[in-house]
1. What do you reckon, is Glu111 buried (at least 19 other Cβ atoms within 10 Å of the Cβ), among the acidic types (Asp, Glu) and closer than 30 Å to Ser176 by Cα?
2. Could you count how many residues in the range 457-501 are farther than 22 Å from Trp93 by Cα and either at pLDDT 95 or above or among the aromatic types (Phe, Trp, Tyr) (or both)?
3. Scan the range 440-451 for residues that are part of a strand (DSSP E or B) and surrounded by 18 or more Cβ atoms within 10 Å (Cβ to Cβ) and jot them down.
4. Can you confirm whether the range 14-36 contains a residue that is under 30 Å from Gly544 (Cα atoms), surrounded by 12 or more Cβ atoms within 10 Å (Cβ to Cβ) and either at pLDDT 90 or above or of a type in the set (Lys, Arg) (or both)?
5. Does Ala454 satisfy the condition of being among the small types (Gly, Ala, Ser), touching a Lys or Arg at 6+ places or on another chain (Cβ under 9 Å) and either surrounded by fewer than 21 Cβ atoms within 10 Å (Cβ to Cβ) or under 27 Å from Phe356 (Cα atoms) (or both)?
6. Being of a type in the set (Asp, Glu), within 23 Å of Gly150 (Cβ to Cβ) and surrounded by 19 or more Cβ atoms within 10 Å (Cβ to Cβ) is the requirement here; does Asp416 meet it?
7. How many residues are over 24 Å from the mean Cα position of the chain (by Cα) and surrounded by fewer than 20 Cβ atoms within 10 Å (Cβ to Cβ) when one looks only at the range 193-210?
8. Out of Gly237, Gly309, Gly229, I need the residue that is out of contact with any Ser or Thr (no Cβ under 8 Å at 6 or more places or on another chain) and closer than 28 Å to Gly125 by Cα. Which one?
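The values are calculated or read from the model by the stated rules, or taken from the named source; none is laboratory data. Since this is a predicted model, take the numbers as computed values, not measurements. Here the Cβ is made from the backbone with ideal geometry for all residues, glycine too, and neighbour counts use every protein chain on show.
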Amino acid sequence: MTKPARYCVIGIMYTCINCITAINPLLSQAEDTARVGEPYKLRGNRLVFTNWIYVRPGDVGWVDSGGKSVYADKSAMIDQFGATWHPQDHMPWGVRLKAYKPSEIRIFTVEPEYPWEAGGTVTIGSVVWDDNVYKAWGGCRSGSCYFESGDGIVWKRPNLGLVDFQGSTENNLIPSAPRGKVFIDPDSKDEHYKCIFEMSGAVTFEQYQEYIKRYPDDWGPRALREVDGKPLIVCLGGAVSSDGFHWKELPEPVLMEHCDTDNIGYYDTGSRTYVAYIRTWNALTRDPDQPVGENTRDTWFPASRRSIGMSVSDDFRHFPRSEMILEPGPDRAPTDDIYTNCFTWIPRAPDIKLMFPAIWHRHDDTTTITMASSADGENWHWVPGGEQMIETGPFGSWYGGCIFAFPPLMELGNGDFALRFSAVDVPHKYPRGITRHETGIAIWPQGRIMAIVAPEKGEFATVAIVPTGTKLYINARTMRSGSICVAVKTGLRRSGFTMAHDWEAVMGSIIPGREFENAIPIIGDHTRALVRWKDAGDLGIKPGEPVVLLFRMEQAELFALEFE
């Protein structure tokens, strides 16, 4: 939609809304309020607790001698010992979050099998999950290739019939390949596949000037570098494809900002916007009173640290200037940079967004792959235990120099989670004339990458969610003396708040037969245990109904919930 057309539609909508608001001034406010908060609809059938967003925070509570709530009640004349502590809304206790390191790290290889692959190596670069299969783009001795895999372990070469090799087109060679990490745009048929990538030196100084005249508010001054006394433009490009085999690079940059190294894009189906996670820098504004002369373009470079920026747009061909979302904070060493972002999500759980940033340690030129989590893609937090998920290997080993992870986090056919990473046998800034490059893979058996843990006894409840099924399975492990029990409440409130904040009066009620007293304890090590009660094996809800799940844990680890 062109800008004039868009403005016309917005103008009509604005007029209509004003008419409605004139009739009922509170209507638009009420609609906005109704769109915020519980219940949350899950877009996948899996829920992994990588942050606290899906766990109820609970609320404080005080009751008088008769058991009546006197929460912040100014009319209650009670001395310092007259009220009794009575926390409400299922306040969590005894639980914490914990990330787990991969149990196996090895080289990821795809062995040559066909004549067009002979005499060289087979590489797989970009991977996406689409149409219930992993699709991948890579290369071999004869050119760019396309692969597919149902399990992430065995990679097939479809006969595409697109490129001739020794008189035959029965191969998986493709005419052109994506320059960046591919993502899927399910709302577009003609441009179903997209990617963003670093553009360095492809834009002239004149094109740069034209761009900033056209978009005076959407460009970053660090895009203009100076190398060997000549201007160098570093920015972000984009490419599109209808089939994944014929790629067209867009004629202009999609973002005029210094976006060097790996940049990851994706399409958010909820907001229907394009999101770009890019390399940025945490440089401050230069003193405007200082003179600007020759060789002053790169004064930001030696005094700032690599960080992660985010840009959101409803137009893939133009992104606004990014906002920083992660930078090396005071909790890190002063010599640390966040080198890459590796944005991805939990398999079959697109709501659970993750990053596996590579931290470059300047003090010894090593790297560490870490883990961060977000509920909305904008606010990110380092997860407990994820500070050193994968570290540079021993000196002399195939990953003993530097490592950088790339998406996606895959679920293999056996249920393991796997993350690929590039590895070099020498440090990142070591002389690069003779180096060994490999692709590594880190394995988390049975998808156990993070958990809610109760070392002793603990309880928590979820926020109200709309699950994708009516049966609940859990991936969990307990000590022989531990257990996990589940109760279920309806996820709809009966009314608004009371002045006394009596949560039991406003929240949903326990579903008959799904009480803790009727729950069959889950004990031991289970990757997919059906949650059951004495007389039931389902949640007691209809499809599409919201629920609140209550967990009572003892010496237990809860890795994931799955709905069916």
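1. no
2. Taking the range 457-501 and keeping what is farther than 22 Å from Trp93 by Cα, we get 466-473, 492-500.
Remaining after also requiring either at pLDDT 95 or above or among the aromatic types (Phe, Trp, Tyr) (or both): 466-473, 497.
Residues flagged as farther than 22 Å from Trp93 by Cα and either at pLDDT 95 or above or among the aromatic types (Phe, Trp, Tyr) (or both) within the range 457-501 amount to 9.
3. Initial filter on the range 440-451 (part of a strand (DSSP E or B)): 440-444, 450-451.
Result: Gly440, Ile441, Ala442, Trp444, Met450, Ala451.
4. no
5. Yes.
6. In short, yes.
7. 10
8. Only one candidate qualifies: Gly237.
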